[in-house]
1. Quick check on GLY69: is it small (Gly, Ala, Ser) and modelled with pLDDT under 90?
2. Has segment 56-76 got any residue that is basic (Lys, Arg) and touching a helix residue (DSSP H, G or I) at 6+ places or on another chain (Cβ under 7 Å)?
3. Go through segment 99-112 and report how many residues are farther than 13 Å from ILE29 by Cβ and either of a type in the set (Ser, Thr, Tyr) or out of contact with any Asp or Glu (no Cβ under 8 Å at 6 or more places or on another chain) (or both).
4. Does any residue of segment 102-114 turn out to be touching a Gly at 6+ places or on another chain (Cβ under 8 Å), in a strand (DSSP E or B), modelled with pLDDT of 95 or more and not β-branched (Val, Ile, Thr)?
5. Being farther than 24 Å from LEU44 by Cβ, surrounded by fewer than 15 Cβ atoms within 10 Å (Cβ to Cβ) and out of contact with any Phe, Trp or Tyr (no Cβ under 9 Å at 6 or more places or on another chain), is that true of even one residue in segment 129-144?
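The values are calculated or read from the model by the stated rules, or taken from the named source; none is laboratory data. Nothing here was measured: the structure is a model prediction, and the numbers come from that model. We place every Cβ from the backbone using ideal geometry, glycine too, and count neighbours over all the protein chains shown.
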Amino acid sequence: MKSIFKLLTVVLITVLLASCGGSGASNNIVGAWHVDLSSIDLVLGDGVPAPMKGMVQAQKDGLIAEGEGKSDDVTIEFTEAGKMVVSKKGDEKTEELDYKFDGSKLTLSGDLDGEKVDIDLNISESTAEKLTIAMTGEEILAQIKAKYPEVLAMAGEMDVDTMVKGCTIAISFKK
């Protein structure tokens, strides 16, 4: 059970962190963005055991409560030069990734804390004031299998393919 929870946590964190990121066809993405925590829409499919659903929901609720009133403290900036820079108010350290954006797909690549990052995110909405990332569990799992197979070791003998069916996540960012 802990292995599955860890895997789902990694997937959720990957999406959340990756959703912070993006250069490309549309100038809508260029500028400073802040996460809209109230927009987090996480659906866990029927393959996720009920106790795990409760744990994941509690973790989501905790993340939202912890971030309440602080979402403007973290800035995600997409530059014209194809860099995504994440900064936190009061912290001199920043994180930077390369991005490409074609209007419907945001690709992030680079290194974070010595770990290689290479992820594609589906953009369901991109306007001058709002950016929404929406992914299915199957889409996330396919990328993990292709790019980060070592993460699957945390699932042990669990049937991750069955667990991700029907799972979706969406999160929006605002300027």
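1. Taking the combined requirement at face value, the residue satisfies it.
2. No, segment 56-76 contains no residue that is basic (Lys, Arg) and touching a helix residue (DSSP H, G or I) at 6+ places or on another chain (Cβ under 7 Å).
3. 2
4. Yes: one or more hits.
5. So far as segment 129-144 goes, yes, one or more of its residues are farther than 24 Å from LEU44 by Cβ, surrounded by fewer than 15 Cβ atoms within 10 Å (Cβ to Cβ) and out of contact with any Phe, Trp or Tyr (no Cβ under 9 Å at 6 or more places or on another chain).
The rows are residues; the columns are (1) under 14 Å from the mean Cα position of the chain (by Cα); (2) modelled with pLDDT of 95 or more; (3) part of a loop (DSSP other than H, G, I, E, B).
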| position | (1), (2), (3) |
| --- | --- |
| GLU92 | no, no, yes |
| GLU96 | no, yes, no |
| LYS100 | no, yes, no |
| LYS116 | no, no, no |
| SER124 | yes, yes, no |
| LEU131 | yes, yes, no |
| GLY166 | no, yes, yes |
